[in-house]
Amino acid sequence: MPSSPPSPSASSPAQHPAVAALLRRARALGADPRNTNYAGGNASAKGEVADPVTGQPVELLWVKGSGGDLGTLTEQGLAVLRLDRLRALTSTYPGVEREDEMVPAFDYCLHGKGGAAPSIDTAMHGLLDAAHVDHLHPDSGIALACAADGERLTRECFGDAVVWVPWRRPGFQLGLDIAAVKETNPQAVGVVLGGHGITAWGATSEECERNSLWMIRTAEEFLVRRGKAEPFGPLLGDGYRPLPEAERRARAAALAPVLRGLVSSVTSPTGDAERHRPPGGLAGHFTDAEPVLDFLARAEHPRLAALGTSCPDHFLRTKVRPLVLDLPATAPLEEVTARLRELHAAYREEYAAYYARYATADSPPMRGADPAIVLVPGVGMFSFGKDKQTARVAGEFYLNAVNVMRGAEAVSSYAPIEESEKFRIEYWELEEAKLRRMPRPKPLAGRIALVTGAASGIGRAIARRLSAEGACVVVADRNGADAAAVAEELGGPDQAVAVTVDVTDEEQIETAFAAASLAFGGVDLVVNNAGISLSKPLLETTAADWDLQHDIMARGSFLVSREAARLMRTQALGGDIVHIASKNAVFAGPNNIAYAATKADQAHQVRLLAAELGEYGIRVNGVNPDGVVRGSGIFASGWGAQRAAVYGVEEEKLGEFYAQRTLLKREVLPEHVAAAVFALTGGDLTHTTGLHVPVDAGVAAAFLR
Ligand SMILES: [Zn+2]
């Protein structure tokens, strides 16, 4: 028995110095996108602790686990393994054909509870005889790794300090290969992994970081020094140059819903329902970053794009290759749309053929044949994913791939890994297992909602609920600053964007929908919530009172729905329109002529639009709230005081007053209205249109009949 308790142990709160150094290094490296792509690469440290069971010293490996990003790595993101056991796996390793069996074996090497799940790169870190190891995906390093004569260029760039390791799928064998390289090249500080990235090491964390950065910067300088002037070839004709910004954005906004509709198609050519596909469609991202526009303006872009991406991290997100429009930016929109439809059909056929070429009996089923990246010369890049973050990151990875192609073409020719190898990774059982472990998508994942009057009250509650259920939300409001605050509260640009819109203004509505298309790819759930209210007796109601309320609620709902239907028909994914009407659309109360009449107008629009838009799969429903006092923008603006006066109660007691006259004796809150919107759109009422849902705690006089 040891005489004193072992320390530091895994359960001890004190952080091991090697872990502290590793986390500091990982965050520093991950913070600079030149060093590695988002969530790409991993880093590790080795160190000694006292085994809490025996008190004897034991060597551990701390390595970034599966998932997560280096730039924000925490101790919880580290897998912790016993080095002696991990290295002992070499004695039972059955050979490269069965190397995948080593991944479940990692679980038998964990120290304590083991921390995060060990990634496929764990073997590389553990088998390498160095205290600190970085594996990174820098664009400059991958450019050398994907150059046709990468081995020679690596030697010219780094001398004998860096060794070339030919392409091999990440795994146990690659770890053995790299460990052997270090063994036989004691002068080496790192390796270039063909087709993939770099790995560097050091005896201390500082030395390892220095070696990683030296490799990355040296490769960058080499590509500049040795590279030719126009790696992507000469500029194509004027039609391929970037359109002026306003025109470019307008064209992108027009194309986004067309593309989103195409890539969100739900059936594969083989007729199987595609998995991992949210009900609404895919979320979209658009960028007109200069490197993308330059790539698309030059002669070599069709050849290079067809070669596809190379780093496994890249093509798992970007698909093996993008769809590229082969028309100039100056082509008419109708011609472009028609051509995109043809190219999309061809893409799906080619993807299915790629699957058929390489699939074996035990391959997972095809995951969907649609492109993740669509390139439009003169306009920019559209990317798609199950949610906005996935779509954005796919676009960022293709930008990484453009940088890789430019570097490789500058000094050699771009030669990504073989298509068969890409398939082995894309449909790898380990990749499939990762997908299976992913949580079920939320009910509104992939859906894009636009809510008017969403900066406060009921609209804000609806925006919050739809966002919580997975939708991307466009927070539309006349008050731009408050709308921006709500969008920020919902989580920022991957979750929500704000648009300033007065729903009485046709042009502003058009602009708001265009902004939605640019931000998320389109719209498929629109909530007409914007409203105001003035409670006055007939003789005191001015024509201006009448017009204002009708302009905002009746005319506003009509204009917003018209633009929504236009966009939804372009997308061809169906959609939902919800009108927030009122109990007053049915119930005739005193002193309420203008408000209640405009609510009745809105309510009948629900039925009229449901009848007209059904054939496009667009469902139109309404919610009839009543007595929402707390948190309601309308009540705060004076309506509450007016209604309180009408009923002869104190304004603070109005909620209670309304509650007492209901059948359920309950006060109605904005969240209850939001819940009705979700019930109508969340996927359970797929066969319901033209319906009004009362959210009034029970008012018999407002029963629908
Ligand atoms: Zn890698």
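Worth a mention:
- Hey, Val163 assigned to a helix (DSSP H, G or I) and in contact with a strand residue (DSSP E or B) (Cβ under 7 Å, 6 or more places away or on another chain) or not: no
- Segment 541-560, residues that are more than 16 Å from Asp502 (Cβ to Cβ) and assigned to a helix (DSSP H, G or I): Ala543, Ala544, Asp545, Trp546
- Among the residues of segment 87-122, just one is part of a helix (DSSP H, G or I) and within 21 Å of Leu29 (Cβ to Cβ), namely Thr122.
- First in segment 129-145 and more than 21 Å from Pro186 (Cα to Cα), second anywhere and more than 15 Å from the ligand (Cβ to nearest atom) and β-branched (Val, Ile, Thr), Cβ under 7 Å, 6 or more apart: Leu144/Thr154
- Selected residue [at pLDDT 95 or above and basic (Lys, Arg)] from Arg249, Arg277: Arg249
- Checking Ile178, Ile142 one by one, the residue that is within 19 Å of Arg406 (Cβ to Cβ), modelled with pLDDT of 95 or more and crowded, with 18+ Cβ neighbours inside 10 Å is Ile142 and no other.
- For segment 146-179, residues that are within 31 Å of the chain's Cα centre (by Cα) and closer than 16 Å to Arg226 by Cβ total 2.
- Qualifying position, being closer than 26 Å to Val165 by Cα and within 16 Å of the ligand (Cβ to nearest atom), among Ser44, Ser91: Ser44
- Of the numbered criteria (1) in contact with a Leu (Cβ under 9 Å, 6 or more places away or on another chain); (2) modelled with pLDDT of 95 or more, the one Ala21 fails is (1).
- Just one of the listed residues (Glu612, Glu650) is under 21 Å from Ser533 (Cα atoms), surrounded by fewer than 18 Cβ atoms within 10 Å (Cβ to Cβ) and assigned by TED's automatic domain parsing to the domain that holds Ile580, namely Glu650.
To keep it simple, each residue is scored yes or no on (1) under 25 Å from Gly682 (Cα atoms); (2) touching an Asp or Glu at 6+ places or on another chain (Cβ under 6 Å); (3) modelled with pLDDT of 95 or more.
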position	(1), (2), (3)
Lys599	yes, no, yes
Ala611	yes, no, yes
Pro625	yes, no, yes
Ala636	no, no, no
Gly640	no, yes, no
Ala644	no, yes, no
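- The numbered conditions (1) buried (at least 24 other Cβ atoms within 10 Å of the Cβ); (2) in contact with a helix residue (DSSP H, G or I) (Cβ under 8 Å, 6 or more places away or on another chain); (3) hydrophobic (A, V, I, L, M, F, W, C); (4) farther than 30 Å from Ala117 by Cα are all true for Leu444 except (4).
- Hits in segment 96-123 - residues which are touching a helix residue (DSSP H, G or I) at 6+ places or on another chain (Cβ under 8 Å), away from the ligand (no atom under 16 Å from the Cβ) and either within 17 Å of Glu431 (Cβ to Cβ) or not aliphatic (A, V, I, L, M) (or both): Asp100, Met102, Phe106, Tyr108, Cys109, Gly114, Gly115
The values are calculated or read from the model by the stated rules, or taken from the named source; none is laboratory data. Keep in mind that this is a model prediction, so the values were computed, not measured. As a convention, Cβ positions derive from the backbone with ideal geometry for all residues, glycine included, and neighbour counts pool all protein chains shown.
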